[in-house]
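Peer 1: The structure's right below; bear with me while I get my questions together.
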Amino acid sequence: MGAQPLFTIGGAIKEGWRLTKEHFWFLIGYQIILYVIILLFSGPHPSYLRGILFWLAEWVLVVLVKMGLYNSSLLIAEGLKPDFDQLYQNWRMFLSWIVAGFLFGIMFTIGLFLLIVPGCYVWAKYGFFPFFILDKQIGPIEALKQSGEATKGYRWPIFLLFLACVGLDILGFLLFGIGLLITTPITLIALATVYRKIAYRHQVTIEIPPSDIHKQQSS
């Protein structure tokens, strides 16, 4: 009998749906806040300079809120309950997020120009870098490096998982965009659950009997 796979695409999506239902109103409310921010900063501006400043402020806020949505997905995958402090709590990792995203974008774009296949390889190898930045509080280079290490041996199923998530989000977009309120958290949580499996698959956990825990607490 062969070894059981670390994850399956269907299993990850199913877990994403289950956890999305458990935290439904938080996830919906959080995304509505993101859309409100975008609406508040959209529209014509009286001057070019003010338009640039508004665009910069919107960009920073949207990135911070998106970081919070990713981190909320991580917390949910860990069995924790996120709160709306995720809207601003991850600001310390803002620069790492931007730099890593920039480097990833360059590698991915170059890969696509090189007959597409190298771009898919880059996507599967380094695509989990946002989770590494938020979970481990590390810099951009280290996040890309750890993503590359963690995905060894799983890049083909990871690539297929990414494709499935993109397909699900496209379906949500086609439903007048409203479907994204549901599909976005499903796909992010699905990715977060897989991230935890590949990032911590070598971690050894030692179960302590309840009696020993009681003794430790008493001492």
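No lab work stands behind these numbers, since they all come straight from the coordinates. Here the structure is a predicted model, which is why all the values come from computation and not from measurement. Cβ atoms come from the backbone with ideal geometry, glycine included; neighbour counts cover every protein chain shown.
Peer 1: Just give me the residues in segment 123-157 being touching a Phe, Trp or Tyr at 6+ places or on another chain (Cβ under 9 Å), closer than 23 Å to G68 by Cβ and either of a type in the set (F, W, Y) or not in a helix (DSSP H, G or I) (or both), in sequence order.
Peer 2: Hits for segment 123-157 are Y126, G127, F128, F129, F131, F132, I138.
Peer 1: Okay, moving on. Can you name the condition, by its number, that C120 falls short on among (1) over 25 Å from V65 (Cβ atoms); (2) loosely packed, with under 14 Cβ neighbours inside 10 Å?
Peer 2: Condition not satisfied by C120: (2).
Peer 1: Give the residue that is surrounded by the most Cβ atoms within 10 Å (Cβ to Cβ), with candidates limited to residues of segment 137-177 that are farther than 21 Å from I9 by Cβ and among the acidic types (D, E).
Peer 2: Looking at the filtered set, the residue picked out is E142.
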